[in-house]
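The values are calculated or read from the model by the stated rules, or taken from the named source; none is laboratory data. Source: prediction; values computed, not measured. Heads up, the Cβs are rebuilt from the backbone with ideal geometry, glycines too, and the neighbour counts pull from every protein chain shown.
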Amino acid sequence: MTDTPSMPGPSILVTGGSSGLGAAIVAAVVTAGGRPSVLDRNPPESDLPFVACDLADTAAAEEAVRQIAEQAGGLDGVVTAAGVDVPGRLVDVPRETWERVVAVDLLATAAVIRAALPHLERSGGRIVTVASTLGLKAVGDATAYCAAKFGVVGFTRALAAELSGSVGVTLLVPGGMRTSFFDERAEQYRPGPDAVLCEPANVAAAALFALSQPPGCAVRELVVCADRETSYP
């Protein structure tokens, strides 16, 4: 992700860029000289281009991407870092809650990329989708999250084939990270005091690596987790 000194840095849209992994990716893009824009329900702490959006509304998500692309003068990359989860047994999780997890984690991923594609095809840009190790290994009490993240894996692999030669596509598969992702969960679904988690900055560095590949080179898939991660393989 390099440019000549006289040229502006690449324009990178990050969903969920106000917190957690998304905020770490935004920080990495800034450090590398890029121009991140944030699509999130809440504004980022830094003064960055930002459009508020509830990603469960996929039509609104597409419109938000168009706004950001217009403000930024196009897009060179998209990272779909936004994600939610409400664990519990299938019969115990309300329908609206279950479907919202799938909408934010999977359907919005497709909606954001769909709206960004005309800009990325013009720029020869790059896409990084964020799945999870629970998109490769299923566990109980996580049917919505696993369904969504398994879907992101399949969606991304198909998209990479579809866009081969025009837009770079990378599937990023993180393990558990030290973020606020677990804060609102019931105690039984939070990592224990001895849990081994990955730092979001390390995962963000992997995303930046994928975004920074030269034309003609694509990093197709990256798994980044703590070296004693229990959900992978």
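Restricting attention to segment 198-217, and to residues there that are touching a strand residue (DSSP E or B) at 6+ places or on another chain (Cβ under 8 Å) and buried (at least 18 other Cβ atoms within 10 Å of the Cβ), which single residue is modelled with the lowest pLDDT?
CYS198
Read through the list (1) under 20 Å from ALA205 (Cβ atoms); (2) surrounded by fewer than 24 Cβ atoms within 10 Å (Cβ to Cβ); (3) touching a strand residue (DSSP E or B) at 6+ places or on another chain (Cβ under 9 Å), then give the number of the only condition that THR179 fails.
With (1) under 20 Å from ALA205 (Cβ atoms); (2) surrounded by fewer than 24 Cβ atoms within 10 Å (Cβ to Cβ); (3) touching a strand residue (DSSP E or B) at 6+ places or on another chain (Cβ under 9 Å) applied to THR179, the lone miss is (3).
Please go through segment 46-61 and give me each residue that is over 21 Å from PRO10 (Cα atoms) and of a type outside the set (A, V, I, L, M, F, W, C), ordered by number.
Scanning segment 46-61 gives ASP54, ASP57, THR58.
Would you confirm whether or not segment 82-99 contains a residue that is in contact with a strand residue (DSSP E or B) (Cβ under 8 Å, 6 or more places away or on another chain) and more than 21 Å from GLU162 (Cα to Cα)?
yes
What's the number of the only condition in (1) in contact with a helix residue (DSSP H, G or I) (Cβ under 7 Å, 6 or more places away or on another chain); (2) closer than 22 Å to SER231 by Cβ; (3) crowded, with 18+ Cβ neighbours inside 10 Å that ALA138 fails to meet?
(3)
Yes/no per residue for (1) in contact with a Pro (Cβ under 9 Å, 6 or more places away or on another chain); (2) under 26 Å from ARG220 (Cβ atoms); (3) free of Cβ contacts under 8 Å to residues at least 40 places away in the same chain:
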| residue | (1), (2), (3) |
| --- | --- |
| VAL26 | yes, yes, yes |
| GLY33 | yes, yes, yes |
| LEU39 | no, yes, no |
| PHE50 | yes, no, yes |
| GLN71 | yes, no, yes |
| ALA111 | no, yes, no |
| ARG122 | no, yes, no |
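In segment 123-233, which strands (runs of 3 or more DSSP E) lie fully inside it and hold 2 or more residues that are among the polar types (S, T, N, Q)?
So the answer is none; nothing clears 2.
Among what's in segment 79-107 and is within 18 Å of THR143 (Cα to Cα), among the hydrophobic types (A, V, I, L, M, F, W, C) and not in a loop (DSSP other than H, G, I, E, B), pick the residue that is farthest from the chain's Cα centre (by Cα).
TRP98
Can you name every residue in segment 175-203 that is touching a Gly at 6+ places or on another chain (Cβ under 9 Å) and of a type in the set (A, V, I, L, M, F, W, C)?
Correct list: MET177, PHE181, PHE182, ALA186, ALA195, VAL196, LEU197, CYS198, VAL203.
Within 28 Å of SER166 (Cα to Cα) and within 14 Å of the chain's Cα centre (by Cα): is that true of LEU55 in this structure?
Criteria met by LEU55.
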